[in-house]
Amino acid sequence: RRKYKVEYHIPAWAEFDRWKGKKVLEVGGGICTTATSFAKAGAFITVADLSPKSMEMCKERFKVMELEHMANFYVVNAEELSSVIPVEEYDLIWSFGVIHYSPNPGAIINQIKQYMGPHTVLKLMVYSKISMKLFWVMNHTRSWEFSHMDELVAHYSEAREGSPVTYTYSMQGAKDLMEGFTVTYIGKTHIFPYQITDYRKNRYVVEPYLRGLTSHRWAELEDELGWHLLIEG
C-alpha cells in the first residue's frame, strides 16, 4: 500500500491484469512488490536481482502469499542475465528504476533483447534528467551550476546519499538507449510531494509549495518535471 500510494502510477503503467497467463521477466526485483502484483494477477514471473538478500526475502514473501508456484528467482548481475537465466521468449520484460544504477545500462538493454521476440513488450522506468527532483537538489545544495547537475542528482538520487552510479536521461537520451526498438511511448510522471522527515515516520505531509494545486495542474507538472521517465518498446 505504501509503495502504490507514493508511486500511484505503477499499477496503470504495469497493467497487471493484462499479463494473466503470460510470462514476465522482471530485471531488478528488489523486495518483489511489483513481482507479487504480477503473480496475484495470474502472470508467471521470473525475477532477477543482484542482491542475494533481496531474493531470499522475495522467496519468503511469495511463500507467505502462497504464490511460489508462479515464480522463479535468480541472483544475477543484470549486465550478464544470459549467463544465469535460460534464454527464452517472454511476453513482458519489466524493469522499474533499475538500469540507471548500472555502470553500463546499454549492456543490460543488450541482454534484455535476448529474451524478446517480435511481440514482446519492454517497459522501463529510468530517471529523468530535467525534473522537480533536480531543482529540489539544486535548491537543497544551493548549487545552480547546471554543468554539475549529473553529479548532484547522482549523489542525492535516493533517501540515502551517495549512490555510486545514477544516470539520468533526457527524451533524446532515452531514444538513444532504445536504439533498435520500436518505441511506442516515452513520457514523464511522478513528483514526490511529501516532506521527507514526516514520510520516514509514515506520515504523509505535502510540501507547502505543492499544496492547493488542482489535479489538472498537478498532471501538467508531472508531465513537465516528473522524476520517472517511462519508456515502452
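State whether one or more residues within the range 15-34 are buried (at least 20 other Cβ atoms within 10 Å of the Cβ) and on the phi > 0 side of the Ramachandran plot.
Looking through the range 15-34, at least one residue is buried (at least 20 other Cβ atoms within 10 Å of the Cβ) and on the phi > 0 side of the Ramachandran plot.
Within the range 121-145, which residues are closer than 20 Å to TYR185 by Cβ and open to solvent by less than 10 Å² (accessible area, probe 1.4 Å)?
LEU122, LYS123, LEU124, MET125, VAL126, SER128, SER131
Considering only residues of the range 168-196 that are among the polar types (S, T, N, Q) and in contact (Cβ under 8 Å) with a residue 40 or more places away in the chain, which is most open to solvent (accessible area, probe 1.4 Å)?
THR182
Just one of the numbered conditions (1) charged (D, E, K, R); (2) closer than 15 Å to TYR115 by Cα; (3) surrounded by 19 or more Cβ atoms within 10 Å (Cβ to Cβ) is not true of GLU80; which one?
Tallying (1) charged (D, E, K, R); (2) closer than 15 Å to TYR115 by Cα; (3) surrounded by 19 or more Cβ atoms within 10 Å (Cβ to Cβ), GLU80 fails exactly one: (3).
Among residues belonging to the range 183-203 that are at pLDDT 95 or above and either of a type in the set (Ser, Thr, Tyr) or assigned to a helix (DSSP H, G or I) (or both), point out the one that is nearest to the chain's Cα centre (by Cα).
Result: THR189.
One line per residue, one yes/no per condition, for (1) in a helix (DSSP H, G or I); (2) under 25 Å from ASP223 (Cα atoms); (3) modelled with pLDDT of 95 or more:
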position	(1), (2), (3)
GLY29	no, no, yes
HIS69	yes, no, yes
GLN111	yes, no, yes
VAL126	no, yes, yes
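Within the group TYR156, TYR199, which residue is over 24 Å from ILE108 (Cβ atoms) and either hydrophobic (A, V, I, L, M, F, W, C) or surrounded by 12 or more Cβ atoms within 10 Å (Cβ to Cβ) (or both)?
Matching residue, one of TYR156, TYR199: TYR199.
Just the residues that are in contact with a Gly (Cβ under 8 Å, 6 or more places away or on another chain) and open to solvent by less than 20 Å² (accessible area, probe 1.4 Å), please, taken from the range 93-107.
SER95, GLY97, ILE99
Run down SER82, SER95 and say which single residue is part of a strand (DSSP E or B) and of a type in the set (Gly, Ala, Ser).
One residue alone meets the criteria, SER95.
Look through the range 150-182, keep the residues that are in contact with a Lys or Arg (Cβ under 8 Å, 6 or more places away or on another chain) and among the hydrophobic types (A, V, I, L, M, F, W, C), and return whichever of them is modelled with the highest pLDDT.
Out of the qualifying residues, it is VAL153.
For the condition touching a His at 6+ places or on another chain (Cβ under 6 Å) and of a type outside the set (Asp, Glu), what is the one hit in VAL126, VAL121, VAL137?
One residue alone meets the criteria, VAL126.
The values are calculated or read from the model by the stated rules, or taken from the named source; none is laboratory data. None of these values were measured; they are calculated from a predicted model. FYI the Cβ positions are ideal-geometry reconstructions off the backbone, even for glycines, and counts take in every protein chain you see. All accessible areas refer to the heavy atoms of the entire protein, side chains included, with ligands and DNA or RNA removed. Shrake-Rupley method; radii C 1.70, N 1.55, O 1.52, S 1.80 Å.
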